[in-house]
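Have a look at the structure below, then the notes.
The values are calculated or read from the model by the stated rules, or taken from the named source; none is laboratory data. Keep in mind that this is a model prediction, so the values were computed, not measured. Glycine gets a Cβ as well: all are built from the backbone with ideal geometry, and neighbour counts include every protein chain shown. SASA here: full protein model, heavy atoms, side chains in, ligands and nucleic acids out. Shrake-Rupley method; radii C 1.70, N 1.55, O 1.52, S 1.80 Å.
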Amino acid sequence: MKQSPDTPLPSPEERRRLREAQSLTQAQLAAKVGVSRETVRSWETGRTTPRGRKREAYARALDALTTPQPPAPDPAGPKPAAPKPAAPETEPPAVKPPAEASLRQEQPVRVPVGAALIPLSTADEGPADGEDPAATPVLTPSQAFDALYAFCAPALVRQTYLLTGRRELAREAVERAFQLAWQRWPEVAVDRDPGGWVRATAYEYALSPWHRLRPRHRHPEPPPADAADRVLLDAFLKLPPAHRRTLLLYDGVGLGLPETAAETEASTPAAANRLLHARKAIAARLPELAAPEELHRRLTALASGERLRAARPPTVRTGSEQRARQWTRAAVAFTVVIISATALTLRDAQDHYEPPVAPGATVQGVPPKVAPGPLSRQELELRAKLRAELLNGPERLMPDDH
């Protein structure tokens, strides 16, 4: 990730001000730069920073926006009329579908694998250009969740498949991540990047080492049909989990290095080292994938080649609610068991001290019984003698009459 020092960029607020000063929409500016509207929006909010050729193209577009400003007041008549048409309204649909279509048509664009993970949260961005804030519909929590799921789940399932090489585990990880997101929806809904929140949760679940203990994970799944895809997937899965995740986020999803380091909970130098080692390992087995662009294209083709379908949003929400109810009932039952055991212990516990019984001693020649068992001959004679005596005590001593 190299950023040319000779192409400085203004602050995100200044970028948006320059665009609005020329009455341009985000879609129109994105068409000039050659990116999607969501990418320009993330640049203007400061969530991501352009790099490479996109940074240079974005800087040239912003410079072009600053040059028309001085002559604007001179031609008073024609200039106000020029921004009014503001390009045809059909231009935004002409820019946005290519990124979405590339997910289905497997075009080698820098967006396909991660295009569905662009954040949907607009809490800090305000309404889009040309939209009336009062006319913006207010979505219910379930509608907002369904929109996030429909936007992120298809691409996220493909990414998780690349991360694990297992189709069922990929679907399960994505569903569990969205179920957890629905349980914590008040927290996720106000997050700056809800798609990134779900993605990090799905990755953590998919890479959990406890899956090795599951019986169905002891048997490998069928590999991809294409031989080249099998070799690439095998080389990708041979990487350590941390390197695999870093390579997928940077070269697959298209995140920047700081964003990749933050999502993998590592420092930026550590993420850069992981990325370099991962690329080197892939290039050692597949020399034709030494270029990052070619590696990105092949990862996109590999992920898009698998027909992975995610469950429908209502099914995920229902499963999340059922799981929450089950855990609540289990917690209540466990609490009742603990309380019952505590009450039983308090009821049967001794409330005073009882000294231990002293060992037996010989009383009037009678030896103590040391252990249970048959009586000896002396003990039998003693018992017979005691039983033959009167119950009220020994016989009275009477004087002899002599």
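Give the Rg/Rh ratio for segment 184-274, taking Rg as the radius of gyration of the Cα atoms and Rh as the Kirkwood radius, to two decimals. Could you put the intermediate results ahead of the total?
Details: Rg = 15.5 Å, Rh = 15.1 Å.
Rg divided by Rh gives 1.02.
Given a 1.4 Å probe and every protein chain left where it sits, what share in percent of the accessible area of segment 254-357 is carbon and sulfur? Before the final figure, lay out each step's value.
Numbers: 4160 of 6990 Å².
Carbon and sulfur together cover 60 percent of it.
Solvent-accessible area of Thr140, probe 1.4 Å, all protein chains present, reported in Å² to the nearest ten, please.
60
Can you compute the modelled spin-label distance between Lys280 and Ala343, with each label point 7 Å from Cα toward Cβ, in nm?
6.6
Can you sort Arg19, Arg274 by 1.4 Å-probe accessible area, starting with the largest?
Reading off the accessible areas and sorting them downward yields Arg274, Arg19.
Going by amide H atoms built from the backbone, whose H comes under 5 Å of the H on Gly46, apart from near neighbours?
For Gly46, no residues qualify.
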